[in-house]
Structures are given as C-alpha cells and as structure tokens.
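Asks: The structure is given below, and queries will be raised subsequently.
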Amino acid sequence: MLRLLCKICATLTPSDIDIVEQMSNVATILSNILDMDVFLDCPTKKNEEAMVVFHARPEKNSLYSKNISGEIAYRLDEPAVFRTFETGLPSRNYKAITQEKANVLQNILPIFNSLDEVICTIIIEYSEQQKEFFEKEYDKKAAGILMGQIDSLKDRVTEYINDGIIIFNKNGYSTYANKVAKSLYEKLGVTSITGQSFENLYFERAKYNDIIKNPDEYQQKEVKILDFILNVQCLVSKINEDVKRVTLIIKDITEEKKYEEELKIKTVFIKEIHHRVKNNLQTVASLLRIQKRRVKSLETKKILDETINRILSIAITHEILSATGIENISIKQILDILCKNYFKNNIDRSKKIDFEIVGDEFFISSDKATSVALVVNEIVQNATEHAFVTRDSGKIDITIKKGEKSSKITVSDNGIGMKATENNDSMGLLIISSLVKDKLKGNLEIKSQKDIGTTIEFDFKN
C-alpha cells in the first residue's frame with residue numbers, strides 16, 4: 001500500500017521510495033512509544049497538495065476515527081508540512097487542521113535523499129492538552145527511537161535531537177557524531193571524535209565487544225567527569241544477521257543535578273525553619289501555662305487555656321512541615337493530630353467524649369492548613385466546653401468532602417444544642433467566622449437543635 005501511494009505521488013524515485021518505506025518503521029515505533037498519531041507525507045506534483053502515504057495510528061488515543069493513508073493534506077490546513085518541504089527545516093508545535101477538521105499541533109521532521117532533496121516528512125500530531133507530555137517524552141525518548149533505524153539519514157535526523165549521539169562501526173570506531181556530541185566533547189578537551197575508538201570515547205573502562213555481547217549491562221549509566229554529570233546510554237542495533245553496531249547517546253544532566261541538589265538543601269533549610277517555628281510556638285504556650293498557674297481568676301485561666309490551644313493548633317502545621325519539608329499538607333493528618341492533642345490535653349477526664357474523622361483525603365497549602373486547623377480547633381473547643389455540660393459522654397464527628405472547585409469540612413456533635421448555651425456571640429465563633437470569610441474565602445453555616453446537637457459547616461476553595 002505504501003509503495004503504491006508513493007508511486008501515485010509521482011515525485012519519488014525507486015530509491016526514494018525505499019527510504020520512505022524504511023521510515024515507516026520509525027513512524028510506527030514513535031507512535032507506539034508516544035501513543036500519538038504519526039504520519040509520513042510526501043509531496044505531489046501539485047504545490048498545494050501532499051499525500052499521506054503512511055499513518056501509524058495508536059490503539060487507544062488516536063485523534064482520528066480511522067486510518068487516513070491515501071488522503072490529501074492541503075497547504076491551507078497544514079502549512080508547516082509545506083514549510084518543511086520547501087525549506088528543509090523541522091517545524092515544531094505548528095497549528096494544523098486535520099482531514100477530520102479537528103485542531104491539532106504538529107511536530108515535523110524532513111527526510112532527505114542522497115541528492116539533499118526533501119522527499120518525505122515525519123509528522124507527529126497531538127492536541128493542545130498533550131503538548132507538555134509530548135515535549136517531555138519526545139526529548140527524552142526520540143534518540144533511542146530514531147537511532148539504528150536508518151543509517152543513510154543519520155546526519156539529518158540526529159541533528160534535531162537534544163542528546164549527543166556517536167555512531168560506531170562494527171570494528172568499534174566512530175563514524176559519525178552530531179553537533180551536540182561534538183560540542184560536549186570539546187568542553188571535555190576532545191577536539192576530534194570521528195575515527196576514534198570506542199574505548200577512547202567511552203567514559204568508563206569497557207571493551208566494545210563486551211558491550212555487543214552484553215548490551216543490558218551498559219544500557220544507561222550516570223557518569224561524573226570534570227564538572228559535568230552525564231547520562232550515558234549504549235544502544236546495540238543489528239545491521240544484519242552477522243553485524244551489530246553501538247550507538248552512544250550522551251545527555252548532559254549537570255544543570256538538572258545541580259537543581260536537585262539545591263532543592264535538597266532548600267528542603268532541609270525549610271524543614272529546619274518550620275522546626276524552629278514549632279519550638280518557638282510551644283515555648284510561648286509553655287510560658288502561658290506558667291502564667292496560668294499564677295493567676296487566680298477562673299475566667300482568666302479559661303482565656304489562657306483557649307489561647308494556648310490556638311497557639312498549639314498553629315504549631316501542628318509547622319510540626320508536619322518540619323517532618324516533610326514540603327509546602328502541602330494532608331488534610332486528614334493535620335485534623336487527626338489536632339483532635340488527638342486537644343482531647344488529650346483539654347477534655348474533662350470525667351466525661352467520655354469520642355471523635356471520628358471520615359471523608360476524602362487530599363493536600364492543601366500550609367497557609368490554608370493553618371487557617372483550617374484554627375477553625376476546627378475553635379469548633380472542637382466550643383463543643384467540648386459547651387455541648388456536653390449536662391452529659392457524661394458525647395461524640396464529635398468531622399467529615400471532609402473534596403469538591404471540584406471547593407472543599408467542605410463538617411463538624412457535628414450530639415450535645416445539648418447551641419441555643420442551650422450562652423455563647424452564641426463568643427470569641428470562638430467570632431474567630432471562626434473571621435477565618436472562614438477572610439482567610440479561606442469560604443462560607444459558614446451553623447445548624448443547632450436542642451438536645452440533638454450542633455453542626456457547623458465551612459468550605460474553602462481548592
């Protein structure tokens with residue numbers, strides 16, 4: 001089918017068609033690896049038309065309802081294809097309209113014949129949503145996909161790959177190096193690559209024949225040399241039944257490793273800061289406990305207890321951050337620690353009050369976590385102080401529900417109801433209302449029934 005379509009184009013010689021047929025293997029492999037539609041388009045006698053001579057269509061994520069081999073690509077719909085035909089330059093992230101009238105992005109590579117003519121283009125198509133994935137996966141895998149597929153085009157194809165590439169013949173001498181490899185070796189003090197033996201160019205002690213025999217041992221390694229950190233990969237490809245060759249692929253990952261190291265140092269630094277903040281807050285709480293023991297007024301003692309709880313609820317966020325070093329916190333983790341600490345330190349030992357945390361698990365920012373912890377602390381504090389004054393036992397349920405745009409936390413008790421208390425305008429409720437409205441940008445709802453209990457709900461944007 002492919003050869004017939006190439007003949008219909010009427011612009012290709014038999015040797016050109018052989019190259020195009022060979023490139024169909026490359027297109028198939030690219031499609032399988034990237035899980036995207038990959039095409040081979042060839043020019044026709046009409047300047048405004050090209051023909052799709054091959055379509056490698058993925059099984060699951062194809063942008064097409066059928067294989068479109070044999071259909072016409074028009075300049076108006078796919079200008080980048082014709083740009084590559086005319087200039088011989090690759091085209092990246094160009095917008096196009098498919099034969100099924102869908103908007104896509106195209107990445108295009110030119111394929112040349114021995115006369116330096118563009119006889120075909122490899123086209124990878126993807127949606128706007130797939131762009132980030134394509135950029136990452138193509139740069140990472142393209143070298144391994146393309147190398148070893150078509151030796152006669154190596155000097156064209158490999159120049160558009162971000163990795164350094166050196167090809168060795170069956171005797172272990174380099175026959176080709178792309179610009180990236182030449183530039184990298186020049187920085188390492190090697191001015192000539194072509195004609196050098198594999199042993200002279202490889203970064204560790206290894207024999208060429210050993211790699212041919214045991215390629216799995218040399219597939220990928222990380223090497224440190226001078227001020228560089230390199231990712232080195234040896235690909236063994238079969239030329240025929242008796243001959244194999246090695247392609248050396250080198251990626252400079254020095255900057256990536258420096259960034260990783262800086263990130264590690266930054267993480268340790270952040271963890272230490274949060275650890276010190278937590279300790280300072282606990283020190284303040286301890287000072288207030290000392291002050292509490294020196295005052296005689298029960299009202300003052302109560303106010304100091306509430307203040308201590310608020311300080312400790314803030315400290316919980318920093319305690320978790322000092323352990324993880326990241327700026328996102330598990331919502332369930334922070335509420336679980338908060339409730340355990342509160343009940344352990346504050347509930348009247350004569351009362352049996354149980355609590356349960358249920359619902360969705362997700363992560364929130366540290367700033368939002370602090371506000372959520374303060375709000376839940378105030379609600380729990382109000383409940384334990386006022387909801388069970390005439391009872392020996394009770395229960396507090398905390399339910400977490402994650403929505404698409406906002407999430408909700410519901411705190412319910414089975415106490416006597418808020419109307420039975422004298423604290424509807426308490427400092428705690430004023431703090432709750434202020435935090436939900438100003439810090440969390442959410443809504444607050446309070447429901448209470450006599451002898452049944454109180455339910456307080458608040459939400460916050462994700």
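Asks: From ILE273, ILE290, which residue is open to solvent by 60 Å² or more (accessible area, probe 1.4 Å) and either polar (S, T, N, Q) or within 36 Å of the chain's Cα centre (by Cα) (or both)? It would help to see each step written out before you state the result.
Replies: Details: ILE290 fails: either polar (S, T, N, Q) or within 36 Å of the chain's Cα centre (by Cα) (or both).
Every option except ILE273 fails the conditions.
Asks: Would you confirm whether any residue within segment 159-174 is part of a loop (DSSP other than H, G, I, E, B), without any contact (Cβ under 8 Å) to a residue 40 or more places away in the chain, β-branched (Val, Ile, Thr) and on the phi < 0 side of the Ramachandran plot? Spell out how you get there, then give the answer.
Replies: Looking only at segment 159-174, we keep the residues that are part of a loop (DSSP other than H, G, I, E, B), and these are 161-163, 169-172.
Restricting the remaining residues to those that are without any contact (Cβ under 8 Å) to a residue 40 or more places away in the chain gives 161, 171.
Then keep just the ones that are β-branched (Val, Ile, Thr); that gives 161.
With on the phi < 0 side of the Ramachandran plot added as a condition, the list becomes 161.
Yes; the residues of segment 159-174 include at least one that is part of a loop (DSSP other than H, G, I, E, B), without any contact (Cβ under 8 Å) to a residue 40 or more places away in the chain, β-branched (Val, Ile, Thr) and on the phi < 0 side of the Ramachandran plot.
Asks: Follow-up. Could you please let me know if GLU299 is open to solvent by 40 Å² or more (accessible area, probe 1.4 Å), at negative phi, acidic (Asp, Glu) and modelled with pLDDT of 80 or more?
Replies: Considered against the rule, which asks whether it is open to solvent by 40 Å² or more (accessible area, probe 1.4 Å), at negative phi, acidic (Asp, Glu) and modelled with pLDDT of 80 or more, GLU299 comes out as yes.
Asks: Just name the residue that is most open to solvent (accessible area, probe 1.4 Å) out of those in segment 67-100 that are assigned to a strand (DSSP E or B) and of a type in the set (Ser, Thr, Tyr).
Replies: Ranking the candidates gives TYR74 first.
Asks: Continuing with this model, one more query. Can you tell me which of (1) open to solvent by less than 80 Å² (accessible area, probe 1.4 Å); (2) more than 16 Å from VAL104 (Cα to Cα); (3) not small (Gly, Ala, Ser); (4) not in a loop (DSSP other than H, G, I, E, B) is the one THR11 doesn't meet?
Replies: All conditions are met except number (4).
Asks: Among the residues of segment 384-399, write down those that are open to solvent by 30 Å² or more (accessible area, probe 1.4 Å) and at pLDDT 85 or above.
Replies: LYS395, ASP397, THR399
Asks: Something else now. Filtering segment 30-66 down to residues that are in a loop (DSSP other than H, G, I, E, B) and of a type in the set (Ser, Thr, Tyr), which residue is nearest to LEU12 (Cα to Cα)?
Replies: THR44
Asks: Same structure, new question: Which of the following residues is within 37 Å of the chain's Cα centre (by Cα), among the β-branched types (Val, Ile, Thr) and within 20 Å of ASP116 (Cα to Cα): VAL20, VAL38, VAL53?
Replies: Result of the check over VAL20, VAL38, VAL53: VAL20.
Asks: Among what's in segment 73-99 and is in contact with a Lys or Arg (Cβ under 9 Å, 6 or more places away or on another chain), of a type in the set (A, V, I, L, M, F, W, C) and modelled with pLDDT of 90 or more, pick the residue that is nearest to ARG57 (Cα to Cα).
Replies: VAL81
Asks: Something else about it: Among the candidates LYS419, LYS402, single out the residue that is modelled with pLDDT of 85 or more and open to solvent by 30 Å² or more (accessible area, probe 1.4 Å).
Replies: When all the criteria are applied, what remains is LYS402.
Asks: Now for a separate question. In segment 242-268, how many residues are under 30 Å from LYS213 (Cα atoms) and either among the aromatic types (Phe, Trp, Tyr) or open to solvent by 100 Å² or more (accessible area, probe 1.4 Å) (or both)?
Replies: Selection size over segment 242-268: 1.
The values are calculated or read from the model by the stated rules, or taken from the named source; none is laboratory data. Note that this is a predicted model, so its numbers are computed, not measured. Using ideal geometry, Cβ is built from the backbone for each residue, glycine included, and neighbour counts are taken over all protein chains shown. Accessible surface areas use protein heavy atoms only, side chains included; no ligands, DNA or RNA. Shrake-Rupley method; radii C 1.70, N 1.55, O 1.52, S 1.80 Å.
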